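Okay, structure first, notes after.
What follows is calculated from the coordinates using simple rules that are stated; it is not laboratory data. On a predicted model such as this, the values are computed, not experimentally measured, just so you know. Every residue, glycine among them, receives a Cβ derived from its backbone with ideal geometry; neighbour counts consider all protein chains shown.
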Amino acid sequence: MRPETFKDLMKLSHGFEPARILLSAVELDLFSHLSEKMTARQLAARLSLQEVPLTLVLNAMVAMGLLDKEGDDYVNGPLVGKTLVSGQGYRGHIFRHIGHCWPAWGNLSDRLRGREVEEESWSPARDEEQTRDFILGMENVTRELAPLVVGRLGLGSPLTLLDVGGGPGTYAEAFLKEYPSLREVCVFDLPKAAAVGRQNLKSRGVETSVRWLEGDFHDTSFGQGFDVVWISQVLHSLDMSGCRMLIDKAFEALVPGGELILHEFLIEDHRTGPLQAAIFAVHMLVMTGVGRTYAGGELSVWLDEAGFVDVRVQQVSDDTSVVRGRKPVS
Ligand SMILES: C[S@@+](CC[C@H](N)C(=O)[O-])C[C@H]1O[C@@H](n2cnc3c(N)ncnc32)[C@H](O)[C@@H]1O
């Protein structure tokens, strides 16, 4: 991975170009129309786009291996045909969400200079379409991951579980499938996110076993009496005091003997790897101004200090781990 030549640096710096082509293609929903072969002129007419620039983008996507070209006709390649055509199987929300993050990345240098940046450029709490893409984007990336991770937790027979920041409800559904002992899963999230999650679970026929608790976790109580509190991919959007606040609230919400499980892309103690976690820390910086990726060691200390026992770190997928601890029985 270490760049060795000037050419490697050039390649690194051009990395955003194919990304931008893909993100614009998803934003304009080109792939939904390219299930059938058509010329650039036909596609341009259908979507009210400009034929000449569209041709350049379509040709680039053939070169990138996303599309195939036969004569003057373009058609989806197998991967985009399976994942980026609207309807069942569509996973484009995550790319639309990444597209919404684009302007924030443009502010990186200003973040480092300490200049004011326009936080309003994106916020999951504000814009409904962007919230929908964010929440359904989380579903797009956890569709296979959630059952895998949940299957590795070995929770015994919990009766009640609280999923804080449960977004699309994908983990709630996985918990209900994996642990038939669960009477109910409560998902806590912001009202706009909960509306998207509720609709998502309804379309999957599992909404009846999920209770939605709406609110902002900074100022809303979680209630009490949970055997398990699950907090997945939420801490990275908070600063250290925000993380500790959530850990303390989880402690309050658990029954004695209950377990808190934090699921994250953990960074190593020296904070320079793995690569994805180190870059994701910068992503959270540009998106939130305060977030970053955390190390298993520091999360474990905060659990200890909050009163949890049997604290341990467990890798649960290729790139994610849980940090878990038990509330003492007495
Ligand atoms: C990155 S998503 C993670 C979704 C899901 N837990 C997962 O692992 O795929 C972060 C979630 O935290 C929720 N969230 C962020 N800030 C929140 C707040 N202040 N109060 C409640 N939920 C919040 C978001 O709406 C979103 O559903």
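When the Cα centres of the range 290-308 and the range 151-216 are compared, how far apart do they sit, in Å?
24 Å
About the Cα centre of the chain, how large is the charge dipole given +1 on each Lys and Arg Cβ and -1 on each Asp and Glu Cβ? Please answer in debye to the nearest 20.
The calculated dipole for the chain is roughly 420 debye.
Using every Cα-Cα pair within the range 247-330, state what percent have a distance larger than 23 Å.
27 percent
Most fluctuating residue of Gly106, Gly197, Gly291 in a GNM of the chain with Cα springs under 10 Å: which is it?
Comparing Gly106, Gly197, Gly291 in the GNM, the peak value goes to Gly106.
Based on the alpha-carbon gyration tensor of the range 1-49, what equivalent-ellipsoid semi-axes (square roots of 5 times the eigenvalues) come out, in whole Å, largest first?
34, 10, 9
Quote the relative contact order of the range 140-234 in percent (integer), defining contacts as alpha-carbon pairs under 8 Å separated by 6+ residues.
33 percent
Given the convex hull over the Cα atoms of the range 50-157, what projected area results after averaging over all orientations, in nm²?
Over all viewing directions, the range 50-157 projects a mean Cα-hull area of 11.9 nm².
Given the chain, what percent of its DSSP beta bridges are antiparallel, to the nearest 5?
So the antiparallel bridges in the chain amount to around 45 percent.
Consider just the alpha-carbon atoms of the range 136-326 and return their Rg together with their Dmax, both in angstrom.
Over the range 136-326's Cα set, Rg and Dmax evaluate to 15.5, 45 Å.
From the gyration tensor of the Cα coordinates in the range 1-94, what semi-axes in whole Å does the equivalent ellipsoid have, largest first, with each one equal to sqrt(5λ)?
26, 16, 12
Summing +1 for each Lys or Arg and -1 for each Asp or Glu, what net charge is found among the other residues whose Cβ lies under 9 Å from the Cβ of Asp189?
-1
Might you report the magnitude of the Cβ-based charge dipole of the range 17-75 about its Cα centre, with Lys and Arg at +1 and Asp and Glu at -1, to the nearest 20 debye?
The calculation lands at about 80 debye.
Could you tell me what fraction of 2.2 N^0.38 Å the Cα radius of gyration of the chain comes to, as a two-decimal ratio?
Dividing the Cα radius of gyration by 2.2 N^0.38 Å gives 1.10.
If the only charges are +1 at each Lys and Arg Cβ and -1 at each Asp and Glu Cβ, what is the size of the charge dipole of the range 165-272 around the Cα centre, to the nearest 20 debye?
Taking the Cα centre of the range 165-272 as origin, the dipole is about 420 debye.
Among Trp105, Phe308, Ser157, which residue has its Cα furthest toward the positive end of the charge dipole of the chain, with +1 on Lys/Arg Cβ and -1 on Asp/Glu Cβ?
Highest projection toward the positive end goes to Ser157.
Given the peptides 78-91, 149-162, arrange them by the average over their residues of other C-beta atoms within 10 Å, most packed first.
Sorting 78-91, 149-162 by mean packing, highest first, produces 149-162, 78-91.
Neighbouring Cβ atoms within 10 Å as the yardstick, rank Ser203, Ser330 fewest first.
With the sparsest Cβ surroundings first, the list reads Ser330, Ser203.
Placing +1 on the Cβ of each Lys and Arg and -1 on the Cβ of each Asp and Glu in the chain, which of Gly291, Leu266, Ser241 has its Cα farthest towards the positive end of the resulting dipole?
Leu266
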